[in-house]
1. Rounding to the nearest 20 debye, state how big the charge dipole of the stretch 7-195 is about its Cα centre with +1 on each Lys and Arg Cβ and -1 on each Asp and Glu Cβ.
2. Can you compute 3J(HN,Hα) from phi for each residue in the stretch 23-35, using the Karplus curve 6.51 cos²θ - 1.76 cosθ + 1.60 with θ = phi - 60°, rounded to whole Hz and x for Gly and Pro?
3. How far, in nm, would the chain grow between ALA143 and ARG125 when pulled straight, counting 0.36 nm per residue and subtracting the alpha carbon separation?
4. Is the stretch 57-144 best put as rounded, prolate or oblate by its Cα gyration tensor, with a ≥ b ≥ c the root eigenvalues, rounded for a/c under 1.5, and otherwise prolate when a/b is larger than b/c, oblate when not?
5. Tell me, SER150, SER159 in order of fewest to most beta-carbon neighbours within 10 Å?
6. Would you work out if the stretch 143-183 is rounded, prolate or oblate? Take a ≥ b ≥ c from the square roots of the eigenvalues of the alpha-carbon gyration tensor; rounded if a/c is under 1.5, else prolate when a/b is larger than b/c, oblate otherwise.
7. Roughly what would the spin-label model give for THR171 and ALA189, points 7 Å off Cα along C-beta, in nm?
8. According to a simple spin-label model (label point 7 Å from Cα along Cα-to-Cβ), what is the distance in nm between ALA44 and ARG111?
Amino acid sequence: MDPLPPYTAVVLAGGKAARLGGQLKPQLQVGGRTMLDTVLAAVADAEHRIVVGPPQPVPADVRQVREHPPGGGPVAALRAGLTEVPTDVVALLAGDLPFLTGALVAELRARLTGDGVIAVDDGGRDQYLLGVWLTATLRAAVAGAGGPTSLRRVMAPLSVHRYRPVVEPGTPAPWTDCDTPADLARARATAATRHGAPPPADPVPRPAPPAPPPSLLPRFQSPPD
């Protein structure tokens, strides 16, 4: 069997989730370590590892870059990350995948055909932030994206192989992410059941309270007694 070509991992690790108290999601703990640490461990064999997002704790050999403008979304983040990729193959991953494994990344690399390969979840949904791509193809795709747009729209014209991984009973799905306090609580409970992981130091965040409505009084005018 021919060896797999070297690859770079680009991890999109930006964005504060309002439903998680405005905290940086990849830095929340599941199973005794941050979700970003889990993702980076799954790509430990990458030639280069790049994290795109706000400054945050990462291993010394991981390069951090920032999208422009900051908080500009996944397409802007991908564009920034690709500028640092020297290999012909790139793994594109979300930074909040607490059950990602190196085995799945290797399976995706082995199945790279056309422009790229992505995982498909058990509901048939494409996971664009869980895939392996030809670097040149992604560079061309984001170069043609003007203005704010979704990653799905940018990827839609590409020739993509869809891979549905086998998830063994009792094993958490590798595409599991944590968008809400309930998602995070379930992931932590699953990790604790599987590994006896200690409770995390950070509690499950509560959603940020809504901002009060703006006053209808003119500026500087006091309300009547």
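Coordinate-derived values only; no laboratory data. Bear in mind the structure is a predicted one, so any value in this text is a computation, not a measurement. Ideal geometry is used to build each Cβ from the backbone, glycine not excepted, and the neighbour counts take in all protein chains shown.
1. Dipole of the stretch 7-195, to the nearest 20 debye: 360 debye.
2. Values per residue, Gly and Pro as x: 7, 6, 4, x, 8, 6, 8, 9, x, x, 8, 5, 4 Hz.
3. So the chain would gain 3.9 nm between ALA143 and ARG125.
4. Rounded shape, in that the Cα axes give a/c under 1.5.
5. So the ranking, lowest neighbour count to highest, is SER159, SER150.
6. Cα axes put the stretch 143-183 in the oblate bin.
7. Going from the THR171 label point to the ALA189 one covers 2.3 nm.
8. 2.4 nm
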